[in-house]
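> Please see the structure below; I have some questions.
The values are calculated or read from the model by the stated rules, or taken from the named source; none is laboratory data. Keep in mind that what you see is a predicted model, and the values were worked out from it rather than measured. Here the Cβ is made from the backbone with ideal geometry for all residues, glycine too, and neighbour counts use every protein chain on show.
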Amino acid sequence: MIKEINSDAASRMRKSIESLKHDLMKVRTGRAHTSLLDSITVDYYGSPTPLNQVANVSVLDARTLSVQVWEKKMTPVIEKAILTSDLGLNPATSGELIRIPLPALTEETRKGLTKVVRHEGENAKVAIRNIRRDANSTLKDLEKEKEISEDEERRAQDDVQKLTDKYIKEIDQLITTKEKDLMEI
């Protein structure tokens, strides 16, 4: 029973870390990468469809992305979706190819993005702590129902705390790495 609670908490914490990694990929550094456009959806014949399912997204150079549209009539729709996204990008279309130059990050923008990164990290830490709280309350319930002893509960809570510390440390490392990437010119 205790092992199940620990493994459940560990898997939920891993999912929180993966979610944080995914969120951090959306925060752009000075370099172009295709995952920057992952959050964009396009109206494809009435249904919202991810951009990478209606076009080929690739990196032309360090500061330029290209979107090769598969259907010519989708070009203006994709261009509008990129413009209206909250990424602050300004696409340039030539035929079926959309070029997206990434503007250079100013010092002020970089500092703003580090705040966003810290906020995402704090959200992930809160999620980890909530998982710890859930696991500990489950352990307390088991102890109240006399399914486990008080010593077993205490040991299990120590194990959950060790898991929590491990994942919080991993979050701190991810945030530090991302901030270093952002402040790099």
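> Can you report the number of residues in region 106-152 which are at pLDDT below 90 and small (G, A, S)?
2
> Just checking, does region 103-117 include any residue being within 22 Å of the chain's Cα centre (by Cα) and under 24 Å from S11 (Cα atoms)?
Among the residues of region 103-117, at least one is within 22 Å of the chain's Cα centre (by Cα) and under 24 Å from S11 (Cα atoms), which makes the answer yes.
> Just to be sure, is R118 loosely packed, with under 15 Cβ neighbours inside 10 Å, in contact (Cβ under 8 Å) with a residue 12 or more places away in the chain and within 30 Å of K73 (Cβ to Cβ)?
So R118 does not fit the description; no.
> Can you name the condition, by its number, that I40 falls short on among (1) over 26 Å from P103 (Cβ atoms); (2) touching a Leu at 6+ places or on another chain (Cβ under 6 Å)?
(1)
> Just need a number here: residues in region 40-75 that are surrounded by 15 or more Cβ atoms within 10 Å (Cβ to Cβ), within 25 Å of T106 (Cα to Cα) and modelled with pLDDT under 85.
1
> A follow-up question, please. Is it true that T93 is free of Cβ contacts under 8 Å to residues at least 60 places away in the same chain and under 28 Å from I171 (Cα atoms)?
no
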